[in-house]
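Engineer: Okay, here's the structure, questions in a sec.
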Amino acid sequence: MLFQLLYFIYSLYPIYILINIIRYLGYKISPYSHCFSKKISKKAIIMGGVFFDSKSSIDDYSYISGDNFGFSKSKILNTHIGKYCSIGTNLITLPSGHNYRMISNYPFKLIYPKNKDNLTSKPITINNDVWIGSNVIILGGVVISDGAVIGAGSVVTKNVPPYTIVAGNPAKIIKTRFQKNIVEQIKKEQWWNHKISQKLANRLNNI
């Protein structure tokens, strides 16, 4: 009986992939992904197995890495991703958490539906031109500012300033990428809001 059930589920997988191919027509989204948001730019790229909920959004030219078979899993919940972000595999964003200020951490609403929910939920913001390594966790309410770099395996619990490199668990500032006057100039110009020619792209990668 168990073998028959598993075989039935397996037999449906190609159908699921085919449905996703049709669903994602016109988008650069892997058929192994589960995307439920209507705020995905057609210029964004989502590779591998990514769960992208209805409260999340991703802007132009940002990409989320993954393999061709969906073995790498990212889970994006209630998260806004800006433009030109480079995101490694297995990113998990966790907007919800337990209210540890209460006597019990347990959400008794699961047992008694009329009880007050003690879970908290805060949206996560990843701004523009952010590079996030693989296996990163970002907690609720965190804002990652423009140009920041998040080291692989980090757990980000606090806001990350612009053009700052952070890493660790919890993530801590390693160094800033540029001097303050250069950061201010980049923030003022906001190159990600302009049309990027090949010439400008080469310049941005060679300064």
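Rundown of residues vs (1) small (Gly, Ala, Ser); (2) modelled with pLDDT of 95 or more; (3) closer than 24 Å to Ser134 by Cβ, yes/no style:
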| residue | (1), (2), (3) |
| --- | --- |
| Ile22 | no, no, no |
| Tyr27 | no, no, yes |
| Ser30 | yes, no, yes |
| Lys38 | no, no, no |
| Gly48 | yes, no, yes |
| Phe52 | no, no, yes |
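Engineer: So if I check each of Asn206, Asn202, Asn169, which one is in a helix (DSSP H, G or I) and farther than 17 Å from Ile126 by Cβ?
Structural biologist: On the way: Asn206 fails: in a helix (DSSP H, G or I); Asn169 fails: in a helix (DSSP H, G or I).
After applying the criteria, what remains is Asn202.
Engineer: Looking at this structure, is Ile182 without any contact (Cβ under 8 Å) to a residue 60 or more places away in the chain and crowded, with 19+ Cβ neighbours inside 10 Å?
Structural biologist: Numbers: without any contact (Cβ under 8 Å) to a residue 60 or more places away in the chain: yes; crowded, with 19+ Cβ neighbours inside 10 Å: no.
No.
Engineer: Kindly indicate the residue of region 45-71 that is hydrophobic (A, V, I, L, M, F, W, C) and touching a Cys at 6+ places or on another chain (Cβ under 9 Å) and also nearest to Asn127 (Cα to Cα) among those meeting that condition. Don't jump to the end; show me each part of the working.
Structural biologist: Within region 45-71, the subset hydrophobic (A, V, I, L, M, F, W, C) is 45-47, 50-52, 58, 64, 69, 71.
When the remaining residues are screened for being touching a Cys at 6+ places or on another chain (Cβ under 9 Å), the result is 46, 50-52, 58, 64.
Numbers: Ile46: 17, Val50: 19, Phe51: 20, Phe52: 17, Ile58: 10, Ile64: 14 Å.
Only one residue fits best here, namely Ile58.
Engineer: Continuing with the same structure: Might you let me know whether region 156-167 holds any residue that is in contact with a helix residue (DSSP H, G or I) (Cβ under 7 Å, 6 or more places away or on another chain) and surrounded by 13 or more Cβ atoms within 10 Å (Cβ to Cβ)? Even if it seems obvious, please write down each step before you answer.
Structural biologist: Within region 156-167, the subset in contact with a helix residue (DSSP H, G or I) (Cβ under 7 Å, 6 or more places away or on another chain) is 162-163.
Remaining after also requiring surrounded by 13 or more Cβ atoms within 10 Å (Cβ to Cβ): 162-163.
Checking region 156-167: at least one residue is in contact with a helix residue (DSSP H, G or I) (Cβ under 7 Å, 6 or more places away or on another chain) and surrounded by 13 or more Cβ atoms within 10 Å (Cβ to Cβ).
Engineer: Consider Asn118 against the criteria (1) polar (S, T, N, Q); (2) under 21 Å from Gly168 (Cβ atoms); (3) at pLDDT below 95: it satisfies all of them except one. Which criterion is unmet?
Structural biologist: (2)
Engineer: Something else about it: Working only within region 105-115, note down all residues that are surrounded by 10 or more Cβ atoms within 10 Å (Cβ to Cβ) and assigned to a loop (DSSP other than H, G, I, E, B).
Structural biologist: Asn105, Tyr106, Pro107, Asn115
Engineer: Check Ser74 against each of (1) closer than 16 Å to Ile132 by Cα; (2) at pLDDT 95 or above; (3) surrounded by 22 or more Cβ atoms within 10 Å (Cβ to Cβ); (4) not acidic (Asp, Glu) and name the one condition it does not meet.
Structural biologist: (2)
Engineer: Listed residues Gly26, Gly48; which is more than 12 Å from the chain's Cα centre (by Cα), surrounded by fewer than 16 Cβ atoms within 10 Å (Cβ to Cβ) and at positive phi?
Structural biologist: Working: Gly48 fails: surrounded by fewer than 16 Cβ atoms within 10 Å (Cβ to Cβ).
Within the list Gly26, Gly48, the selection yields Gly26.
Engineer: Moving on to the next point. Failed condition for Asp129, given (1) under 10 Å from the mean Cα position of the chain (by Cα); (2) on the phi > 0 side of the Ramachandran plot; (3) charged (D, E, K, R), with all others met?
Structural biologist: (1)
Engineer: While we're on this one: Mind telling me which of the residues Asp146, Asp129, Asp117 ends up being charged (D, E, K, R), within 29 Å of Phe52 (Cβ to Cβ) and in contact with a Cys (Cβ under 8 Å, 6 or more places away or on another chain)? Lay out the reasoning, then the answer.
Structural biologist: Working: Asp146 fails: in contact with a Cys (Cβ under 8 Å, 6 or more places away or on another chain); Asp117 fails: in contact with a Cys (Cβ under 8 Å, 6 or more places away or on another chain).
Matching residue, one of Asp146, Asp129, Asp117: Asp129.
The values are calculated or read from the model by the stated rules, or taken from the named source; none is laboratory data. Since the model is a prediction, treat every value here as computed from it, not as a measurement. Positions of Cβ are backbone-derived with ideal geometry, glycine not excepted, and every protein chain shown enters the neighbour counts.
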